[in-house]
Structures are given as C-alpha cells and as structure tokens.
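Worksheet for the structure shown next.
The values are calculated or read from the model by the stated rules, or taken from the named source; none is laboratory data. Worth saying up front: this structure is predicted, and the values here are computed from it rather than measured. Glycine also receives a Cβ, built like all others from the backbone with ideal geometry; neighbour counts cover every protein chain displayed. For accessibility, only protein heavy atoms count, side chains too; no ligands or nucleic acids. Shrake-Rupley method; radii C 1.70, N 1.55, O 1.52, S 1.80 Å.
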Amino acid sequence: MTLSLVLVVAAALFAVGLWGALSQQVVVMVMMGIELMINAVILAGGAFWWFTTPSPDGQVLLLVVIAAMTVEMAMGFAVALLLHRRRGTDMTDMASELKR
Amino acid sequence: MGVTGVRRGIHVLVVAARGGALVRLSVERALRTLGWVPASSPADADLLAVCGTPADQERDAIEQIWRQLPGPRARVEVTSTEALGELLSQAASALEDHELQATLAQEADASAPMGMDHEDMDHAGMDHGDMDHGDMDHGDMDHGDMDHGDMSMTGPGGIALAGSSDDDRDGLEMDVGHVILGAGLPGWPAGLVLRATLHGDVVTGVEVLASPAPPSLSDPAVRAALLVDAAAGVLDLAGWSAAADSARRARDDLMDAAGATRIAAADVARLTRRVRRSVLLRWSLEGPGHRAPSSPAPGSVVRRRLIALLEAAATTLADPQGPAHVPLGDDLALLPELAEGQELASLRLLVASMALDAGVAADA
Amino acid sequence: MIGTIVFWVAALVAVAAGVEVFRTDSMARASYALAASFVAVGVMLLAFELDYLGVIVILMMVMEMAIMALFMIMLMGMNPALMPMSMVHGKRTATVVAAVVFVGLAAAALLIPWPDRAGAPAADLTRSLGDAVMGSKMLVMLTVSPVLFATIIGALVLGHPRDRYQRYGDDLERDHPDDPIQGGVGR
Amino acid sequence: MPEVTTLQPWWAALAPVTLLTLAAAGAAMAGAQTARRRGDGPLVAATTPLTETWRLLRQRRRVPVAADRVLWHVAVGGLPVVAVLMAVVVPLGSVVLVDSPVGVVWFNAMDVMLWALWWLAGWGPNSTHSLVAGHRFLGLALAYELPLMFALTSPAIAAHSLRLADVASAQQGLWFAVWMPVAFGVYLLSAVAFSSWGPFAVAAHSDLAGGVLAETSGVDRWLVLAGRHLVLAAAALVAVPLFLGGGAGPVLGPVAWTLVKALVVLAVLELSAGRAPMIRPERFAEVGWMVLLPATVLQMLVAAGGAS
C-alpha cells in the first residue's frame with residue numbers, strides 16, 4: 001500500500017459521494033452523499049498523515065474534520081425535520097426557495 | 001396430573017377463546033407442574049394450546065397463529081379440565097413424532113410464501129401470515145406527485161404501506177398504521193379484539209371489534225384466582241416477573257381443588273404490600289396510563305387498578321358472600337379515551353389492568 | 001502481510017458500500033451501507049496506527065447511522081417491504097461531474113510525486129494526540145467545543161416541535177410540563 | 001506501563017470458547033432464578049440453557065413476509081460477534097489477545113454497535129411489534145449512552161491511559177469501584193441496558209409480544225438469546241480491569257482472579273432479571289440526562305482530582 005493507491009481509493013469514495021450529493025432529490029440522501037465525501041477526506045487525511053508527516057498536528061486536523069461532520073449532520077437533520085414539518089416535503093427542489 | 005417422563009421446557013402458546021379464561025387458568029397451572037414454559041409469541045412456541053371453544057371468526061385467527069408456529073409443532077384444543085394431562089402428553093409425543101412433523105413441515109412450506117426476499121418484488125397478493133403484525137392500512141404518500149410516476153400503495157408481498165394523516169402529533173408523515181390486537185398475544189383477555197390506529201408507536205385510536213364474555217362465577221376462590229391472574233398479567237407486562245410469579249403461585253393455589261385458599265390469601269396479602277411499597281413500580285407506571293392533567297385523580301391508572309385487583313381478591317377471599325364489584329361493560333368503553341396518546345406497549349398495560357377475564361373491573 | 005490484506009479488503013468494502021448507499025431502495029439499507037463504509041475507513045485508519053481516530057470513526061458513525069436510519073424512515077417513510085423507486089434528478093450531469101472529478105483526483109494521486117515521509121510517528125500516538133490537544137493545539141479544541149455546543153442548541157431549537165410555552169403554559173406558570181408522556185424527573 | 005504479552009493469533013480461537021463458557025454460566029444463573037420462582041428443582045434450573053439450546057436448534061426458522069433478511073441476519077449474527085470483539089481487549093493477568101492502546105474506547109465503540117444491532121433485529125422481520133421494540137431500544141440508548149461514556153472516562157483519566165492493562169495496574173491498593181461508585185454504578189446499569197436485559201429489557205419484552213424476538217425462531221432466536229448472555233459476559237469481563245483491579249488478588253493467579261471477579265459481576269447483571277419493574281425509556285430518558293449525566297461528570301472531576 002502506497003500513498004498514491006490509498007488516494008485513488010479515497011478519490012473513488014469522493015466521486016461516489018459527489019454523484020449522490022448532486023443527483024439525489026431527497027435532503028437526507030444528499031446528506032449521505034456529503035457524508036461519503038467527508039469519509040473520503042478522512043481517509044485521504046489519514047493517508048497523507050501516515051505517508052508524509054506523522055506528527056500529532058495531523059491527528060488534530062482529522063479530529064476537527066470528524067467534528068465538522070457531526071455538525072453538518074446535526075444541523076442538516078434539524079433543518080430537514082423543520083422543512084418537513086413546515087412544508088411537508090423532503091425534496092431539495094421544493095425547498096430551493098427559503099421563504100415560506 | 002399423572003404425567004411423568006415428558007420432556008420439560010416445551011414452550012406453549014396459550015390462546016384463550018371467548019369464554020375460555022377459566023380453562024386457560026387450568027392449562028397454565030398444568031404447564032407449571034410439567035415444567036413447560038408459556039411462549040411470548042407464535043414464533044417462540046412449540047405447542048399451541050387453544051382454551052375453550054372458539055367461534056368461527058376466532059378460528060380464522062387461530063389458524064393464522066397456527067401457521068406462524070415454526071415447527072416442530074403441535075396443537076391441542078382444551079375445552080374442559082378433564083383429561084388435560086393426557087391431552088398435553090399426547091401433544092408432547094406429537095412433537096417427537098418425526099413423520100408427523102415432516103408432514104407438517106411440508107404443509108407449512110406449501111402454504112408459506114417462500115423466497116419472499118427483498119429482490120423478489122412480484123409476489124403480490126400473498127398470504128399475510130401474521131394477522132396482528134403486518135396489517136397496515138393504505139394511505140396517501142405525498143411523494144406521489146414527483147417524477148417517479150404512479151405507485152401502488154401496496155408494497156411487495158401484498159403488504160400495505162404505512163400512510164399519513166393530517167393531525168399527526170409529531171408532524172411526521174408516513175407513520176400511520178393499523179394493528180389488530182387479539183388472540184396470540186401473551187396474557188391477552190379471552191375474546192377481546194382491538195383495532196388500534198398507530199402513529200409510529202403512539203396509539204391514536206382504539207376500536208373494540210369483539211369484547212370478551214366473562215364467566216359468571218359462584219366459587220369465591222375461583223373468582224379471586226381470576227383477579228390474581230389479572231394482577232399477574234399486569235405485573236408481567238410491567239416487567240416485574242418475580243412479583244408476577246408469586247401472583248401466579250397464589251393463583252394456582254386458589255385453583256387447587258384441595259383448597260390451599262388460606263395460604264393463598266396470605267400470599268396475596270403479602271404481594272399487595274409488596275406492590276404498594278415498590279417505589280420503582282410507582283415511578284415506572286407514571287408514564288403509561290397517566291391521565292391528562294385534567295383528571296382529578298393523580299398517579300397511574302394502571303397502578304391503581306393493579307392494587308385494586310389485589311385488594312378485590314383479598315376481599316373476595318375474606319368475605320365470600322361479598323358483592324362481585326362493578327360490571328365490565330362501561331369500563332371497556334373507557335379504553336379509547338384512556339389509550340389515546342399512549343404507546344403501543346402502554347395500551348397493553350391498560351388492557352391488562354382492566355382484568356377483562358375476571359369480569360370485574362376495579363374502580364379506577 | 002495480514003495487515004495489507006485487511007487494508008485492501010476494507011478499501012473494497014468502503015467503496016462498494018458507498019455505491020450501495022445510492023443503489024439500494026431501502027432507507028435502512030442505505031443508512032447501514034454508509035455505516036459499513038465508515039467502519040471500513042475506520043479499519044483503514046487503524047492500519048495507519050491511528051488507533052484512537054480509527055475507533056472514534058467507527059464509534060461515532062455507527063451511532064450516527066443508527067439515528068440516521070430513523071430519520072431516513074421518518075422523512076421518506078418506507079417499511080421493509082420496499083418498492084423500487086428512483087429518487088434522482090440530473091443524473092447525467094451528476095455522472096459526468098463525478099467521473100471527471102474521479103479521473104482528475106486519481107490522476108493527481110498517481111502522477112504527483114508525493115514527498116517522502118518526514119519524521120517518524122510517535123511511540124504512543126494516542127498519548128501524542130492527547131498531549132497536542134491539551135497542549136499546543138488547545139486553542140483548536142477550545143474553538144471546536146463551543147461550536148459543538150452551539151450545534152446541540154441550534155439543532156434542538158430547529159428540530160423540537162414544542163417550545164417551552166407550550167410545555168409550561170403562556171406565563172410558564174406550570175410546575176410540571178404538559179407533555180404527552182411525563183418524563184422521569186418531572187421537568 | 002505494565003508488561004503485557006500479546007498472545008499469538010491462534011489463541012483467538014479460545015476467546016469465543018471462554019466467553020461462551022462464561023455466558024453459559026450466566027445463562028444458568030438466570031435460568032436457575034426463573035426456575036426457582038416457578039417452583040422447579042435445582043437440577044432443572046441448571047440445565048435450562050442446555051434444554052433451551054437443544055429445543056431451538058431443532059426448531060425450524062420462519063421468516064415473515066417481505067422481511068429484510070440481509071439486515072436481519074446481520075443483527076442476529078452480529079450480537080455474538082460484537083460480544084467477542086468486546087472481550088478480546090481484556091487482559092487476563094499478563095496476557096491479552098489484542099493489546100489495544102485504546103481499549104476503553106474500543107469497548108465503547110462495540111457497545112455502540114449494539115444500537116445498530118438491536119434496532120436492525122427489530123427492523124428485519126417486518127413486524128409492527130418488533131419494529132416498535134427496536135425504536136424503543138434506541139430511545140433507551142440515547143438515555144444511557146452519554147452517562148456511560150463519562151463513566152468510562154473516569155477510570156481512564158485516573159489511570160492516564162485508555163489501555164485496559166494500564167487501567168487495571170493503576171488500581172494498586174484501591175479499586176476504582178470503591179472511589180468511583182457513581183461511574184461503576186452507571187457502568188453496571190448501562191451493561192444491563194445495552195444487553196436489553198433485566199429492568200431494561202425494552203427490546204425484547206412481553207408488552208410488545210417479545211419485541212425483537214416476536215418473529216424470531218429456531219437458530220436465529222438462539223443466536224439472539226445467546227448473544228445477549230455473551231454481551232453480558234463480555235461487559236462483566238471488561239468491568240474487571242476497568243473498576244475491579246484487574247487480576248490482582250491473593251493466592252489465586254491473575255487469570256483465575258479475573259474470571260472470578262467477572263463471574264461475580266455477571267451474577268449481579270444476570271440476576272437483575274425480573275427483580276424490578278421495567279424502567280421505561282420514556283421515563284428513564286430524563287433521569288439519564290438530568291441526573292446521571294451531571295453525576296458522572298462530577299465523578300470525572302473527582303477522578304481527575306484523585307489522579308493528579
């Protein structure tokens with residue numbers, strides 16, 4: 001296993017996530033796509049850290065990425081839930097305008 | 001019983017037909033002497049014991065339950081307490097009869113929807129299998145106007161999907177379903193059939209489809225036994241099986257022809273004290289069956305009824321000539337009001353606390 | 001040797017499960033496919049001796065997906081008996097963009113001459129992470145914590161259907177909230 | 001850092017066997033208690049797990065219409081696997097199968113796996129009762145998990161390490177259970193809860209017709225029931241290095257002491273069954289967040305103070 005190969009795996013994960021985030025209609029499915037992209041970022045980050053500079057700083061950065069992902073999820077679900085309650089929709093197309 | 005050498009640990013699903021409550025008590029007592037175990041659901045059971053004579057519509061339900069027994073399986077229909085031991089030992093040997101079980105297994109395979117895997121989507125109109133589980137109603141889906149075209153409201157396997165409703169408590173959709181609650185549930189009153197509307201796991205409506213026919217009893221010991229049995233049912237559903245088992249022992253003593261009534265009366269008194277004193281029970285039952293703040297009486301309906309049941313049993317034993325308490329009719333009518341907004345599990349507690357098998361309902 | 005095999009199996013699982021997220025019709029399966037993808041990435045991190053981060057990824061993502069599955073079902077309303085449906089728009093554009101991005105990233109990964117490793121990992125990586133978080137990088141954590149806290153509050157405010165006036169009355173005059181089911185402490 | 005030898009991988013085969021033996025002992029204890037309550041003799045009581053195993057292995061399995069078989073199998077088979085994974089990081093005296101530097105977090109991750117497994121066990125069969133039970137388990141999980149996390153942090157803070165062997169050896173003289181009673185109590189309570197056992201048996205309870213077990217039969221049912229005892233046994237094993245001084249003790253060797261202590265903890269967990277009414281998640285959630293969580297945070301501060 002070399003850095004390049006691991007990065008190709010990460011790129012594949014990222015591309016799958018991107019496809020989902022762009023093509024899915026339902027808010028939660030879009031979020032799953034974004035999650036998958038962050039998953040790829042975590043993997044790539046881990047690989048970079050291991051193969052180039054294995055210092056503690058890199059670990060802290062990964063920790064921050066993981067924290068950012070939880071924030072994304074929590075807020076995403078909250079907004080999806082609110083959207084659902086207020087408008088009875090979970091489709092991105094129908095939520096494209098933020099006004100009621 | 002006179003039955004020896006029979007395998008222990010057989011799991012038995014006891015289903016009481018309308019009016020079969022008394023027979024059920026005898027059967028459950030027999031199970032205990034045999035070291036057999038009451039099953040919690042058809043999937044758990046080796047043996048189906050039908051107590052009393054089922055009416056026609058009950059027969060359908062029982063057939064469906066029978067189909068859900070995984071096998072090796074056997075069934076007995078107990079209409080009277082005579083020859084009960086013999087019936088049960090025959091059933092036990094039927095379980096060991098390999099030829100018979102092979103035939104039953106073939107039958108099951110022929111009637112069961114085989115290969116109903118996720119990928120097989122075209123088995124519409126199959127037999128539902130479980131009458132009290134997958135029986136969801138049709139509903140509207142508001143994804144329907146999007147670009148995935150016409151969808152049938154029925155999913156694969158002929159099972160209807162959950163629907164939606166306007167007055168949903170949590171504001172979410174697609175979680176409205178209907179379940180039929182009836183025979184086959186452990187500790188369920190003989191003959192009662194309910195149709196519950198669920199929003200997720202919250203009950204929003206209850207309709208009584210069939211009500212039980214409680215026995216009219218002259219023997220105070222038996223009357224007390226039914227009351228204690230009802231209390232045992234509540235305790236079981238509340239999760240306190242140690243107390244439930246003490247109650248069942250007292251009940252079996254009361255049913256004993258030799259008459260261990262005096263011992264049983266002391267046991268009931270002890271159990272009542274224990275139930276009254278349990279802080280955890282009081283706390284735990286504050287949730288289910290807790291009335292709206294408008295209700296004058298504070299505390300849990302279920303707990304009050306439970307204590308009243310045990311007290312009624314004690315009174316009946318102390319004064320055999322005493323009155324037989326409130327009739328049941330108007331009490332069951334209260335159920336929809338009490339059940340609304342409760343969880344499915346709490347509905348079970350409420351129903352159990354009504355002691356419908358005993359035919360007397362304690363004042364709430 | 002075993003480590004390498006585990007790594008590549010995990011890599012395969014991560015990507016395959018990622019694809020399955022969008023292929024399946026079942027909300028539950030989609031959620032748990034994503035969880036599987038995260039678990040596989042967690043295992044891969046373990047191969048980089050990132051024990052703490054690897055296990056944390058597994059822990060958090062399984063937890064998150066267990067809850068996410070509920071949201072998926074809640075908002076999309078499917079039961080295990082599923083009907084196939086396509087919930088996709090702009091499929092062609094998405095496919096093209098994703099393919100181009102993949103080719104670009106993969107080419108970059110393979111063609112860029114990555115630098116050699118500078119320095120060696122600490123003997124106890126978990127301890128070194130802890131020292132960094134509690135020492136030189138404390139400011140980062142001090143920033144992350146209020147963000148997480150604000151997220152909890154914000155998400156609750158947005159997501160909770162009942163506010164405190166509905167629970168405690170217009171003048172907050174009730175001792176006990178008027179909830180459908182009373183909580184265990186009575187607040 | 002204490003000397004701990006990592007065993008060769010082929011010893012791994014012993015892990016499930018040991019854990020299964022422990023779990024069988026636990027199941028026998030629980031069976032004996034139930035049998036005694038029902039008035040059966042002690043011999044019957046002790047053999048309950050065996051007769052039940054024999055019965056279930058002979059039973060055919062029935063799959064309801066349109067069940068999600070894949071996820072159901074994951075749930076059913078996952079329980080024993082997670083239990084074994086939980087237990088492999090526990091040091092038995094001076095030997096350990098997997099000497100994870102983050103053993104405490106590993107245990108935590110495995111208990112979170114149970115969130116997924118119990119819910120999937122409810123989802124799989126496509127039945128109202130089991131699905132409601134699965135949801136209800138998640139409700140309970142949200143209530144106990146955060147206090148549990150803080151309870152697990154306390155010993156780690158006091159020992160300055162997440163490695164279970166370090167945590168065990170940091171308790172020379174005084175067990176963490178003695179001066180961290182809140183953390184230990186929350187740990188025991190959560191162990192019962194994530195095994196869906198005793199007063200927390202919310203995922204498999206009679207008030208929902210057996211909950212996740214409502215449609216489970218045959219070998220599937222055996223795996224769930226055995227998996228539950230295995231998880232209890234694993235939790236009891238992990239409690240030994242975390243709170244009970246690991247293998248330390250007079251006369252007997254460290255391996256024996258670890259097992260003896262684990263058996264005692266297991267007895268406490270197993271015998272909680274049926275002793276008290278069910279602690280309903282909707283009632284318990286508030287207790288978890290408003291009482292247990294602050295209590296465990298305070299406990300953590302005490303642990304930090306005591307350690308420095």
> Any chance the range A:60-69 includes a residue that's part of a helix (DSSP H, G or I), buried (at least 24 other Cβ atoms within 10 Å of the Cβ) and more than 7 Å from chain C (Cβ to nearest Cβ)?
Replying inline: no
> Taking the condition surrounded by fewer than 24 Cβ atoms within 10 Å (Cβ to Cβ) and among the hydrophobic types (A, V, I, L, M, F, W, C), does C:L34 pass?
Replying inline: no
>> As an exercise: evaluate D:A276 against (1) away from every other protein chain (no Cβ under 12 Å); (2) open to solvent by less than 50 Å² (accessible area, probe 1.4 Å) and give the number of the one condition it does not meet.
In response: (1)
> Looking at (1) assigned to a helix (DSSP H, G or I); (2) open to solvent by 10 Å² or more (accessible area, probe 1.4 Å), which is the one condition that is false for D:Q172?
Replying inline: (1)
> Could we say that D:L237 is open to solvent by less than 20 Å² (accessible area, probe 1.4 Å), assigned to a helix (DSSP H, G or I), within 16 Å of D:V89 (Cα to Cα) and in contact with a Ser or Thr (Cβ under 7 Å, 6 or more places away or on another chain) here?
Replying inline: no
> Can you tell me how many residues in the range C:165-179 are open to solvent by 60 Å² or more (accessible area, probe 1.4 Å) and either among the polar types (S, T, N, Q) or within 14 Å of chain D (Cβ to nearest Cβ) (or both)?
Replying inline: 2
> Within the range B:23-37, is even one residue away from chain D (no Cβ under 14 Å), of a type in the set (D, E, K, R) and open to solvent by less than 30 Å² (accessible area, probe 1.4 Å)?
Replying inline: yes
>> Considering only residues that are assigned to a helix (DSSP H, G or I) and open to solvent by less than 10 Å² (accessible area, probe 1.4 Å), which ones fall in the range C:41-57?
In response: C:V41, C:G42, C:M44, C:L45, C:L53, C:G54, C:V55, C:V57
> What do you reckon, is D:G78 crowded, with 17+ Cβ neighbours inside 10 Å, more than 10 Å from chain B (Cβ to nearest Cβ) and on the phi > 0 side of the Ramachandran plot?
Replying inline: no
>> For the structure I just gave you, tell me whether A:V26 is touching a strand residue (DSSP E or B) at 6+ places or on another chain (Cβ under 9 Å), modelled with pLDDT under 90 and either open to solvent by 50 Å² or more (accessible area, probe 1.4 Å) or within 23 Å of C:A36 (Cβ to Cβ) (or both).
In response: yes
> Residue check: is D:L252 outside any loop (DSSP other than H, G, I, E, B) and open to solvent by 10 Å² or more (accessible area, probe 1.4 Å)?
Replying inline: no
>> I need the full set of residues from the range D:7-38 which are out of contact with any helix residue (DSSP H, G or I) (no Cβ under 8 Å at 6 or more places or on another chain), modelled with pLDDT of 80 or more and of a type in the set (G, A, S), in order please.
In response: D:A13
> Across the range D:8-18, what is the total count of residues that are open to solvent by 50 Å² or more (accessible area, probe 1.4 Å), hydrophobic (A, V, I, L, M, F, W, C) and either in contact (Cβ under 8 Å) with a residue 60 or more places away in the chain or outside any helix (DSSP H, G or I) (or both)?
Replying inline: 1
>> Quick check on the range A:1-15: of everything there that is surrounded by 23 or more Cβ atoms within 10 Å (Cβ to Cβ) and more than 11 Å from the chain's Cα centre (by Cα), which residue is farthest from C:D116 (Cα to Cα)?
In response: A:A15
>> Here is a check on your reading of the model: is B:E77 in a strand (DSSP E or B) and more than 14 Å from chain D (Cβ to nearest Cβ)?
In response: yes
> For the subset of the range D:113-163 comprising residues that are part of a helix (DSSP H, G or I) and among the hydroxyl-bearing types (S, T, Y), which member is surrounded by the fewest Cβ atoms within 10 Å (Cβ to Cβ)?
Replying inline: D:T153
> Can you spot a residue in the range D:19-27 that is within 30 Å of D:V95 (Cα to Cα), free of Cβ contacts under 8 Å to residues at least 60 places away in the same chain, buried (at least 18 other Cβ atoms within 10 Å of the Cβ) and not hydroxyl-bearing (S, T, Y)?
Replying inline: no
> How many residues are exposed (fewer than 15 other Cβ atoms within 10 Å of the Cβ) and in contact with a Ser or Thr (Cβ under 8 Å, 6 or more places away or on another chain) if we restrict to the range C:117-143?
Replying inline: 3
> Just a yes or no: is a residue in the range D:240-248 touching a Ser or Thr at 6+ places or on another chain (Cβ under 6 Å), part of a loop (DSSP other than H, G, I, E, B) and buried (at least 22 other Cβ atoms within 10 Å of the Cβ)?
Replying inline: yes
>> Looking only at the range C:16-25, count every residue that is β-branched (V, I, T) and either surrounded by 20 or more Cβ atoms within 10 Å (Cβ to Cβ) or closer than 17 Å to C:A94 by Cα (or both) and tell me the total.
In response: 2
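Quick grid of which residues meet (1) out of contact with any helix residue (DSSP H, G or I) (no Cβ under 7 Å at 6 or more places or on another chain); (2) modelled with pLDDT under 90; (3) in the same structural domain as C:G159 (by TED's automatic domain parsing):
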position	(1), (2), (3)
C:A14	no, no, no
C:S26	yes, yes, no
C:A35	no, no, no
C:A40	no, no, no
C:E49	no, yes, no
C:A66	no, no, no
>> Considering only residues that are open to solvent by 20 Å² or more (accessible area, probe 1.4 Å), more than 7 Å from every other protein chain (Cβ to nearest Cβ) and at pLDDT 80 or above, which ones fall in the range A:71-96?
In response: A:E72
>> Just to be sure before I move on: is B:E77 without any contact (Cβ under 8 Å) to a residue 24 or more places away in the chain and over 21 Å from B:L356 (Cα atoms) in the structure I sent?
In response: no
> Condition test on C:M61, is it modelled with pLDDT of 85 or more and either surrounded by fewer than 24 Cβ atoms within 10 Å (Cβ to Cβ) or more than 7 Å from every other protein chain (Cβ to nearest Cβ) (or both)?
Replying inline: yes
